[in-house]
Amino acid sequence: MCPGELAHGNAERREIDRQHEYQFELLDRLHAAIAADQSAGTIGQILDEFVSFSEVHFETEHLAMRLFNYPGHDDHVRDHENLVEALRGILSDYQAGEKNLALDEALRMKGYLIGHIQGRDHALLAYLDELQEDPA
């Protein structure tokens, strides 16, 4: 692995961290919109943005895992697939008029994301850090 690739790994780590922050920002906006009893259109728009952005975020992680031959790739991707399925289900429920069910699930998503980030993502980021420290 060449030094340029290692620097790229560090850039990937920063980008993943930045995306995590934005996911939480979107969830905070969703919670605030629900608490303020904003319109269904506003809540639906935030929820749609969260689902779409999460899909992009997961692709960023998938690319980093492939680029750096991450050994936990398959399990991590399965977690993402399950999460995307759950997110799409929440959005579908919301769009079908099952707003209370969808919003309850969306509010629980923050806890799931925290667990995923502290588990799978922490392991991925530690792996990228290790590559940065030990290029051999």
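Rule-based calculations on the coordinates, nothing more; no lab input. Just so it is clear, the model here is predicted, and its values are computed rather than measured. Virtual Cβ from ideal backbone geometry, glycine too; neighbours counted across all protein chains shown.
Values as computed for the structure displayed
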item: For the stretch 63-125 and the stretch 30-57, distance of Cα centres in Å; result: 16
item: Residue-averaged 222 nm ellipticity for the chain, from DSSP H runs of 4+ at -39500 (n - 2.57), nearest 500; result: -29500 deg cm²/dmol
item: Where labels lie 7 Å past Cα in the beta-carbon direction, separation of residue 24 and residue 67 in nm; result: 2.3
item: Radius, Kirkwood style, for the chain when every pair of distinct Cα atoms is counted (Å); result: 15.9
item: Within the chain: Cβ-based charge dipole about Cα centre, in debye rounded to nearest 20 (Lys, Arg +1; Asp, Glu -1); result: 240
item: Convex hull (Cα only) mean projected area of the stretch 74-136, reported in nm² to one decimal; result: 4.9
